[in-house]
Every structure is written in structure tokens, then in C-alpha cells.
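What follows draws every value from the coordinates through simple rules; no lab data is involved. Keep in mind the model is a prediction, meaning the values are calculated, not measured. When we count neighbours, we look across all protein chains shown, and the Cβ atoms used for this are built from the backbone with ideal geometry, even at glycine.
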């Protein structure tokens, strides 16, 4: 496992780090179960360019079983896959991953793992796209709603929620 000295942020589902302004932030540990380089595989929307996606985490692991001690990070980012109905070879599946039929348990277990590695009074940022599954179903699977959040995106279907360890 990577040396955690100076690491204050854990992104458990970093993917290609699309939400990050600094994709090499030295305070962060980037995790993903995938390690893949998808360059030039799909044509872009206009057919002229090619899409690229590089998933190169610092630590390759599943967010339902994180290889970190309890109470390690003051900030955890959890942006799990949100697609359940997508083709196995579709660009969105390759870029973001896909949920299976047991997604409620997987999201629940991932949330519990995030809370386990979060320090007391630490903050968990949870991102969810409601393109296929409403946020209410996700909150039901997790067992609690965020303290607060914000909707964004063209159709306001992306939800950013904030949790704090020790606060319901």
C-alpha cells in the first residue's frame, strides 16, 4: 500500500478523475478497481475525433473493501457508477463502470467503507447521477440522506451530497 503521509483526501472511485481540477493533487489518494487505458477506441459524437479515457489509480481496489485503516482520511469522495442499463461495450460503461442487479447492497457497502476510513467529524462528498436511478433509491440503500447538497448538470440530474461522520 502507498505511504499515506500527507494524504488527507481519499477518492474511492476516481475513474479518469473527471471531477478533479488537479488530477495529480498530492494530498489525495486515488482509488479505482479498474486500471485501463482506453485511447482511440470509440469515435466522438461528431465522428471526427476519438474519445480517450485513462483510469490509472494510485491504489487499485474495490470501494466495498478498501485497504486502509479505520479513521484515516478527513475527506472522502464517493462517485460510484450510476448506470445499470448500458451495454457492456458502450462508451459510458467503459468510462464510468456499470452497476449490477445487486447495486443497492453495493452502494450501501461502499458507503459504509467510506465512513469506516473517514476520520471522526470527517466529510464525505457523494456524487450521484439520476439518469437511471433516482437519488431517493440511493439514500434508501445507504440508510440516510445527505446533510445538504446541490443539483447540477443540464437537466439537474447530478446530485452532490455532503455527509459528516458522527452526524446524522
Would you kindly state how much longer the chain becomes between residue 93 and residue 116 on full extension, computed as 0.36 nm times their sequence separation minus their alpha carbon distance, in nm to one decimal? 5.5 nm
When you count, for each residue, the other Cβ atoms within 10 Å and take the mean per peptide, how do 7-14, 24-31, 71-78 rank with the highest first? 7-14, 71-78, 24-31
Full extension between residue 84 and residue 54 adds, at 0.36 nm per residue less the Cα distance, a length in nm of 8.6 nm
What does the extension gain come out to for residue 150 and residue 23, with contour length at 0.36 nm per residue minus their alpha carbon separation? 43.5 nm
Taking every DSSP beta bridge that has both residues in the chain, what percent is antiparallel when rounded to the nearest 5? 60
